[in-house]
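These notes concern the structure reproduced below.
What follows draws every value from the coordinates through simple rules; no lab data is involved. Since the model is a prediction, treat every value here as computed from it, not as a measurement. Please note: Cβ atoms are built from the backbone with ideal geometry, for glycine as well, and neighbour counts cover all protein chains shown.
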Amino acid sequence: MTPASPYQGSVHIPRREAFAVRRATYSGDMSRKRSPLLDRPGAVEADGLDAGVAAHYGSDLREQRALIAGEAFVDLSHRDVVTITGPDRLTWLHALTTQYFEGLKPGTSTTALLLSPTGHVEHVMYGVDDGETFWLHTEPGAAEALVDWLQKMVFMSRVEIADVSDDYAIIWRPGTAEGEHLTRSGEDSFGGHEVFLPRAELGSLEGPAAGVWAYEALRIEAGAPRFGLDTDERAIPNELGWLGVGVHLDKGCYRGQETVARVHNLGRPPRRLVRLHLDGSVDRLPQHGDAVMAGEKQVGVIGSAARHHELGPIALAVVKRNVDPEAVLDVVAEDQPTVKASQEVLVDPEAGLHVRARL
């Protein structure tokens, strides 16, 4: 019988679908998100959460190099876009989220989390305010649940919330922002910026495009977790390096703050994010949900993986805090050869008030 938790009982190799976190709540119509850029020569559509945009246009390694050289853009038009307008929007968001919104200046980019009462991550929002409206993008299909929850929290506040994914799309460009469109950049923009683009303009974009496989390789290299791939229903910000990036530690009360503050003050989160360098012994990347083992004991699961043009096969995983950072781990999947993986610390085992998490 399968244990209730992947960290209990004997070795458990979970199915990929078992760790598609809250995917059942992401019930948006994904058909509206098929990008016209999939009609470009060589485009191969991604699957799973990234369906609707290109995984690559012929060579993800070549596309990675083009991104690093500033010669291409990434189509992220499958992501959801939400707007929040009204004179109370910043104070309202300040009260609800983990981030400091009061006095946010126009053009300032930010990342904010919505937590459960017990401090578990429920939504991640990447946004920028233009002086009248707060624009945010989030995971594909997440807007419906996000907007529904936000609507329930309006009460007497003067705010209006809208899912504008039918009308606006996201692309990512390397380097600094130029042009007339609203852009967002930050620590989790990997040296580039996201552009809020009218969806009708996608088909007329010029220049080389890179697929999401290339973008994901840069994200994993940066050690930036992705909600729904590198998290599960128990994830708290302290485990993932989101303190300081998506959590402001010097603001007032918000839902879930007690858990974040307690773990930060005492240190030692129950789990920690690591980047794994895979030995490359098999011509296969680990799949989301594959077991991470230390000897005979399961200590974590694979979140996301990619082939990096310089680092080779890499992955993000969340493992138990007490796993020796120097230990070589095994990545195990059903009916597949075991792959050896060395760890690179992203969140220190002692992360807390006196030991900062690293992104």
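Here are some notes:
- Counting every C-alpha pair in the chain, the share spaced more than 40 angstrom apart comes to 10%.
- With one equal scatterer per alpha carbon and no solvent term, the Debye-computed log10 I(q)/I(0) for the range 177-246 at 0.13, 0.23, 0.27 1/Å reads -0.52, -1.17, -1.33.
- Cα-centred dipole magnitude for the range 113-236, charges only on beta-carbon of K, R (+1) and D, E (-1), debye, nearest 20: 220 debye
- Comparing Thr110, Tyr126, Leu93 along the charge dipole axis of the range 19-266, the residue lying farthest to the positive side is Leu93, per the Cβ-charge model.
- Computed over the chain with a Gaussian network model linking Cα atoms closer than 10 Å, the most mobile of Glu71, Glu194, Glu206 is Glu206.
- Table column - 3J(HN,Hα) (Hz), the range 76-83, Karplus curve with 6.51, -1.76, 1.60, x for Gly and Pro: 10, 6, 7, 6, 8, 10, 10, 10
- Value of relative contact order over the range 19-266, rounded to a whole percent, pairs C-alpha under 8 Å and six or more apart: 28 percent
- Gaussian network model of the chain, Cα within-10 Å springs - most flexible of Met156, Met125, Met293: Met156
- Size of electric dipole in the chain: Cβ of Lys, Arg +1 and of Asp, Glu -1, about Cα centre, debye, nearest 20: 860 debye
- Sequence-distant lysines (8 or more away, or on other chains) whose Cα lies within less than 29 Å of Lys33: Lys152
- Cleavage-rule hits, trypsin sites (Lys or Arg not before Pro), the range 154-228, DSSP coil, Cβ neighbours within 10 Å at most 12: Arg158
- Note on Lys297: lysines with a C-alpha under 24 Å away, same-chain residues under 8 apart excluded, are Lys320, Lys340.
- Expected 222 nm ellipticity per residue - DSSP helices of 4 or more, -39500 (n - 2.57), all of the chain, to 500: -4000 deg cm²/dmol
- Remark: C-alpha extents of the range 269-351 on the principal axes read 35, 29, 20 Å, sorted largest to smallest.
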